[in-house]
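Peer 1: My questions will all concern the structure given below.
We did not get these values from a lab; they are worked out from the coordinates using the rules stated. Keep in mind that what you see is a predicted model, and the values were worked out from it rather than measured. With ideal geometry, Cβ positions are generated from the backbone for all residues, glycine too; neighbour counts draw on all protein chains shown.
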Amino acid sequence: MFRSAYQKTSDYFWGALWLGRAYTQYRVLRMSSTHTKPTVVKHADNFTVTILPALDDNFMYVITDTATKEAAVVDPADPENVKSELDKNGQKLKAILTTHHHWDHACGNGKVQATYPGIQVVGGDERVDSLDHHVKDGDTLMIGTTNVRCIATPCHTKGHICYFVTGKDGETPAVFTGDTLFLCGCGKFFEGTAEQMFENMRKLGSLPEETKVYCGHEYSIQNLKFALSVDADNRHTQQKMQYAKQRREELLPVPPSTIQEEKQYNPFMRVKSVDEMASMREKKNSSK
Ligand SMILES: [Zn+2]
């Protein structure tokens, strides 16, 4: 009799403890971004790119120069997540590279700068939070031995900058495209025209074909769906969709793609005129 009452109490106790733990775990999961597992991409022995999730579907990228362990972070919207990545691997953070001033890209700048005093906040727009190094098209920076070149891509916002990153002799290129170029898509024309986006796609399209493209959001599947709705027989799009579904099932990022791939399936890279760019954007805006 006593034993079974004791057993019951004990069951309740362990049950409550389990529930409590499960709830804590749920809270931690909800608070930190878990839309994508952190993923490291090696650019030979030159630099690595660590892909980190932020907010609902944003990406942050830590670029680490292999020779010196100096690092820059692109759009650190989730400062805690960035800090734990840097603590784990011991990179020396030197700069924040901001693609544009929108909150979901620049909201972490102040906090990251407060945590790592002396780092530079780089961007192309006075509206970028905590900006202290205003760059323009063609400006260059170094992260250790790794080169960074700024590419102005006004349209989504007036001061949008893409960052073209290479090893010291121009090898293993990467481009960080924020909300200008997405995997199989492009950003909305909030502060610009179809003509500007057409020019942006031409500029980015002239980078080396093998350049890896790291964009600002995980929109891959919805973009590929739209691309198939306007170009159903494109086998590059079909193959990329298969790949994207596989990656998302495992909570892995679909980016990076390459400039060559974007030219094969991205409807906004494939338009032949400004008029086509404008009508493609309208189609995309009204698609579900
Ligand atoms: Zn934006």
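Peer 1: Please give, to one decimal in nm, the separation of the simple spin-label points placed at Thr34 and Gln238, each 7 Å out from Cα toward the Cβ.
Peer 2: Computed distance between label sites Thr34 and Gln238 equals 3.7 nm.
Peer 1: Follow-up question, since we're still on this one. Order the peptides 164-172, 120-128 from the highest to the lowest mean number of other Cβ atoms within 10 Å of their residues.
Peer 2: On the way: 164-172: 17.3, 120-128: 20.7.
Ranking the peptides 164-172, 120-128 by packing returns 120-128, 164-172.
Peer 1: Sticking with this structure for a sec: Send over the per residue convex hull volume for segment 37-286, Cα only, as a whole number of Å³. List each step's numbers first, then the result.
Peer 2: Numbers: hull volume 28.2 nm³, N = 250.
Per-residue hull volume (Cα only) is 113 Å³.
Peer 1: For the chain, give the share of DSSP beta bridges that are antiparallel, in percent and rounded to the nearest 5; count only bridges with both residues there.
Peer 2: Details: 35 of 49 bridges.
Bridges in the chain are about 70 percent antiparallel.
Peer 1: Taking Cα atoms of segment 67-214, Rg/Rh with Kirkwood Rh, to two decimals?
Peer 2: 0.95
Peer 1: Please go through the residue pairs Lys263/Lys283; Lys94/Lys212; Lys136/Lys240; Lys37/Lys188; Lys188/Lys272; Lys136/Lys225 and name each one whose alpha carbons sit more than 29 Å apart in this structure.
Peer 2: Details: Lys263/Lys283 19 Å; Lys94/Lys212 22 Å; Lys136/Lys240 34 Å; Lys37/Lys188 27 Å; Lys188/Lys272 19 Å; Lys136/Lys225 35 Å.
Result: Lys136/Lys240; Lys136/Lys225 exceed 29 Å.
Peer 1: How high is the relative contact order of segment 39-161, in percent, with contacts defined as C-alpha pairs under 8 Å that are six or more residues apart? Working shown, then result.
Peer 2: Values: 275 pairs, mean separation 23.9, N = 123.
Reported relative contact order: 19 percent.
Peer 1: Which angle between 0 and 90 degrees, to the nearest 10, do you get for helix 235-249 versus the longest principal axis of the chain when only C-alpha atoms count?
Peer 2: Tilt relative to the chain: about 20 degrees.
Peer 1: Next up: Any chance you could give the angle, 0 to 90 degrees and rounded to 10, that helix 2-31 forms with the longest Cα principal axis of the chain?
Peer 2: Approximately 10 degrees, to the nearest ten.
Peer 1: Might you report the magnitude of the Cβ-based charge dipole of the chain about its Cα centre, with Lys and Arg at +1 and Asp and Glu at -1, to the nearest 20 debye?
Peer 2: Details: 35 positive and 36 negative charges, 204 e Å.
With only Lys, Arg, Asp and Glu charged at Cβ, the dipole is about 980 debye.
Peer 1: Each label point is 7 Å from the Cα along the Cα-to-Cβ direction; what then is the distance between the points at Val41 and Lys168, in nm?
Peer 2: 2.4
Peer 1: Provide the net charge surrounding Val122, with neighbours chosen by a C-beta distance below 15 Å and charges set as Lys +1, Arg +1, Asp -1, Glu -1. If you can, show how the numbers build up before the last one.
Peer 2: Numbers: positive: Lys94, Arg127, Lys136, Arg149; negative: Glu70, Asp75, Asp125, Glu126, Asp129, Asp132, Asp137, Asp139.
Residues near Val122 contribute -4 overall.
Peer 1: Over segment 145-285, what number does the Rg to Rh ratio reach, with both radii from the alpha-carbon atoms and Rh per Kirkwood? Don't skip to the answer; put the middle values down first.
Peer 2: On the way: Rg = 14.5 Å, Rh = 15.2 Å.
With Rh from the inverse mean 1/r over Cα pairs, Rg/Rh is 0.96.
Peer 1: Once both labels are modelled 7 Å past Cα along the beta-carbon direction, what's the Asp275-Ser229 spacing in nm?
Peer 2: Simple spin-label model gives 2.4 nm for this pair.
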